[in-house]
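Read through the structure below, which is laid out as structure tokens, and then see the notes.
The values are calculated or read from the model by the stated rules, or taken from the named source; none is laboratory data. Here the structure is a predicted model, which is why all the values come from computation and not from measurement. Methodologically, a virtual Cβ is constructed for each residue, glycine included, from the backbone with ideal geometry; neighbour enumeration extends over all protein chains shown.
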Amino acid sequence: MKKACVIGLGYVGLPLACLLARKGFEVSGLEVSDEIVEKTNSGISHIEDEFLAKEVREVKGKLKATTNAAEALKNADVVAVCVPTPVDKQFLPDLEALKSACVSIAENLRKGMLVIIESTIYPGTTEEIAQPILEKSGLKAGVDFFLAHCPERIDPGNRKWRLPQIPRVVGGVNKESVRLAGIFYGQIIDAPVKELRSVRSAEAAKIVENTFRDINIAFVNELAKSFDVLNIDVKEVIEAASTKPFGFMPFYPGPGVGGHCIAVDPYYLIAKAKQSGFDHKFLRLAREINDSMREYVVELAVEGLNALGKSLKDAKIAFLGIAYKPDVDDTRESPALYIIPLLRKKGAVLRIFDPHIEALSNVESLEAALEGADAIIVATSHKEFLQALTPKFVRKKKIGFFLDCRNAFDKVAFKKAGIAFKGIGC
Ligand SMILES: NC(=O)c1ccc[n+]([C@@H]2O[C@H](COP(=O)([O-])OP(=O)(O)OC[C@H]3O[C@@H](n4cnc5c(N)ncnc54)[C@H](O)[C@@H]3O)[C@@H](O)[C@H]2O)c1
């Protein structure tokens, strides 16, 4: 296989396209965004990630991005679909981007092509949605062209686990599709590739991985609320339980779950199972508990300020961090985006700052956010905040209340410095 086409050059597609170029493939990237096409072709990463920025620079000229499907797909031996699969306002799967990508492929499909869907999809999507669209080309899946699903597991910002080091699972519409997909990934990654008997298993595996996290985070979020009442430090308890060398895996509470995966993927399984008459009560409850943490953060802010004789109404709050996790510029489904309007609704005056997200910050620096603030709410513990916000520094600013939604700061040191400090369940 010599020519590869990656459809969708986002958090998933861009690193894959770079890897393919480094591995000697002729690579094209099909994108709907002119800006991403322009940046990629100029060797500039549109995603803030040091490592990825270097890769995009290095593959300049080797990775050709375009908005023209015929140009991108011409002579492609393998096509990887990496478009978004969000949910709509009713939390139902929105497969519009996937369908549109499949239409582009169908119009340019040729015999022998291997089409791999990397986007996260519910079990059945490859065979029920993608395959019929692709077969409108007149070619038959598993006979004239090959169709597989290999869910992407990348963790943007993770320095240890980069794309080549992460094991993969693949499923296909027939044996030959799985075999070819297995060979393809074997050529580009250093980790094992597990070939599955069914494409549905591959689709389900990814949803299970992310739902597992959502459920476990919901469990510790519920513990955080309960332990706040019982006056037990949830972080200390989780660390204590983690000393058991088997049968326990630590998860930590926070302001809710964000990102394009964990907060979205469970809905894909919930919706698909519902269609077949099964109600995923446990998954729905986990989503509900994790979403309830936004209101809980506001409750904690009210309590913290009240204890100082202040009210949330008209309180000046330095609201720090908008990204869904530390040290990235991704705001998709970020809890901060929901907490901010809740605080504003209660009359809080917010100075919002995220060093990675200028567009949504309303002040230009941490200093400006802290100036004259009654309270600090750290919604995302970016390293800039961890470095700057020492107890001494916060005390000097005469800020009375510190709400650490990530339990990332040293609670004991803050309390010693006379600052009213609250974590989530700590
Ligand atoms: N972000 C993650 O950490 C992550 C990890 C694993 C899996 N996934 C899954 O991978 C998929 C992609 O996620 P992402 O985070 O890369 O999304 P993204 O939004 O960062 O990137 C998707 C890109 O596809 C482009 N696009 C949309 N429709 C298109 C079309 N019809 N043709 C060509 N380009 C199109 C968009 O402009 C965008 O640049 C999703 O299914 C997601 O669930 C994401």
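Summary of values
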quantity	calculated
Test: ILE105 is of a type in the set (A, V, I, L, M, F, W, C), within 11 Å of the ligand (Cβ to nearest atom), touching a Leu at 6+ places or on another chain (Cβ under 9 Å) and in a loop (DSSP other than H, G, I, E, B)	no
Scan of region 17-58 for residues that are more than 9 Å from the ligand (Cβ to nearest atom), of a type in the set (A, V, I, L, M) and in contact with a strand residue (DSSP E or B) (Cβ under 6 Å, 6 or more places away or on another chain), ordered by number	ALA17, LEU20, ALA21, VAL27, VAL37
Hits in region 341-353 - residues which are without any contact (Cβ under 8 Å) to a residue 40 or more places away in the chain and not in a loop (DSSP other than H, G, I, E, B)	PRO341, ARG344, LYS345, VAL349, LEU350, ARG351, ILE352, PHE353
Subset tally (residues that are closer than 17 Å to ALA17 by Cα and among the hydrophobic types (A, V, I, L, M, F, W, C)) for region 144-160	2
Matching residues, region 169-180, being within 16 Å of the ligand (Cβ to nearest atom) and either of a type in the set (A, V, I, L, M) or assigned to a helix (DSSP H, G or I) (or both)	VAL169, VAL170
Test: residue in region 59-67 that is near the ligand (Cβ under 9 Å from one of its atoms), farther than 30 Å from GLU176 by Cα and outside the structural domain of SER334 (by TED's automatic domain parsing)	yes
Which listed residue, of SER42, SER100, is closer than 30 Å to LYS274 by Cα and polar (S, T, N, Q)	SER100
Residue tally, condition within 23 Å of the chain's Cα centre (by Cα) and among the polar types (S, T, N, Q), over region 119-137	4
Residue under evaluation GLU96, criteria (1) more than 19 Å from SER28 (Cα to Cα); (2) in contact (Cβ under 8 Å) with a residue 24 or more places away in the chain, criterion not met	(2)
Output for region 371-390, where each listed residue is among the acidic types (Asp, Glu) and crowded, with 17+ Cβ neighbours inside 10 Å	ASP374, GLU384
Of all residues in region 1-15 being in contact (Cβ under 8 Å) with a residue 60 or more places away in the chain, crowded, with 24+ Cβ neighbours inside 10 Å and of a type in the set (A, V, I, L, M), the one that is farthest from the ligand (Cβ to nearest atom)	ALA4
Number of the condition not met by ALA323 [criteria: (1) crowded, with 22+ Cβ neighbours inside 10 Å; (2) out of contact with any His (no Cβ under 8 Å at 6 or more places or on another chain); (3) not polar (S, T, N, Q)]	(2)
Answer residue from region 108-134, given it is under 18 Å from LEU30 (Cβ atoms) and among the polar types (S, T, N, Q) and is farthest from the ligand (Cβ to nearest atom) among those	ASN108
Lone qualifier among SER137, SER119 - being assigned to a loop (DSSP other than H, G, I, E, B), touching a Ser or Thr at 6+ places or on another chain (Cβ under 9 Å), modelled with pLDDT of 95 or more and polar (S, T, N, Q)	SER119
Selection from region 143-189 of residues that are of a type in the set (Gly, Ala, Ser), more than 30 Å from VAL328 (Cα to Cα) and either in contact with a helix residue (DSSP H, G or I) (Cβ under 6 Å, 6 or more places away or on another chain) or without any contact (Cβ under 8 Å) to a residue 24 or more places away in the chain (or both)	ALA148, GLY171, GLY172, GLY182
Residue that is farthest from ALA130 (Cα to Cα) [pool: residues in region 141-168 that are within 13 Å of the ligand (Cβ to nearest atom) and part of a strand (DSSP E or B)]	ARG168
Qualifying residue in region 179-188 (condition: of a type in the set (Lys, Arg) and either more than 30 Å from LYS272 (Cβ to Cβ) or not assigned by TED's automatic domain parsing to the domain that holds LEU19 (or both))	no
Subset tally (residues that are of a type outside the set (Gly, Ala, Ser) and surrounded by fewer than 18 Cβ atoms within 10 Å (Cβ to Cβ)) for region 356-370	6
Among (1) under 25 Å from the mean Cα position of the chain (by Cα); (2) within 30 Å of ASP404 (Cβ to Cβ); (3) aliphatic (A, V, I, L, M); (4) more than 16 Å from the ligand (Cβ to nearest atom), the one test that ALA263 misses	(4)
Candidate set from region 216-239 (those that are among the aliphatic types (A, V, I, L, M) and surrounded by fewer than 11 Cβ atoms within 10 Å (Cβ to Cβ)); member that is nearest to GLU303 (Cα to Cα)	VAL229
Complete set of residues in region 163-181 that are of a type outside the set (D, E, K, R) and closer than 20 Å to PRO15 by Cβ	LEU163, PRO164, GLN165, ILE166, PRO167, VAL169, VAL170, ALA181
